[in-house]
Amino acid sequence: MTAARTRAHRGRGLPGRVLRGTSGVLAAGLVGLFVVLLAGWAFTTRTGSAGPGTGMLVGHGLAAAAAVVAQVVADRRDGRAGALAAWLVIGIAVAVLGGYWLF
């Protein structure tokens, strides 16, 4: 392993890397979901058919933005602060998917 890579992963064991990787995938998924909803909204607006409403777009957009900010913190901080930020991303994803898509 190179010295730069060793320094980049100092203090991050396998559980920490898995947690941050999982939260990164979820943050990217929320951004992707927002983009798909935005495209669907644009399409349905032009065709006049039913599509995602303003509340759904705003909620997904805010959640995606908050998840990306929390993921940046998780990636840049070691220890408890990084882990809490990663768990925050997971919580945001669960809240959005549960709130908008399950109920």
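Before moving on, here are some points about what is shown:
- Enumeration of residues in the stretch 22-69 that are closer than 15 Å to Leu88 by Cβ and of a type in the set (S, T, N, Q): Thr22, Ser23
- Filtered by the rule that a residue be open to solvent by 20 Å² or more (accessible area, probe 1.4 Å), aliphatic (A, V, I, L, M) and closer than 19 Å to Val25 by Cβ, the stretch 43-92 gives Ala65, Ala66, Val68, Val69, Val72, Val73, Ala83, Leu84, Leu88, Ile90, Ile92.
- Gly40 being modelled with pLDDT under 95, exposed (fewer than 11 other Cβ atoms within 10 Å of the Cβ), small (Gly, Ala, Ser) and in a helix (DSSP H, G or I): no
- Residue count for the stretch 93-103, restricted to those that are closer than 18 Å to Gly53 by Cβ and buried (at least 18 other Cβ atoms within 10 Å of the Cβ): 1
The values are calculated or read from the model by the stated rules, or taken from the named source; none is laboratory data. It should be emphasised that the depicted structure is a prediction, and the values quoted were computed from it without experimental measurement. When we count neighbours, we look across all protein chains shown, and the Cβ atoms used for this are built from the backbone with ideal geometry, even at glycine. All accessible areas refer to the heavy atoms of the entire protein, side chains included, with ligands and DNA or RNA removed. Shrake-Rupley method; radii C 1.70, N 1.55, O 1.52, S 1.80 Å.
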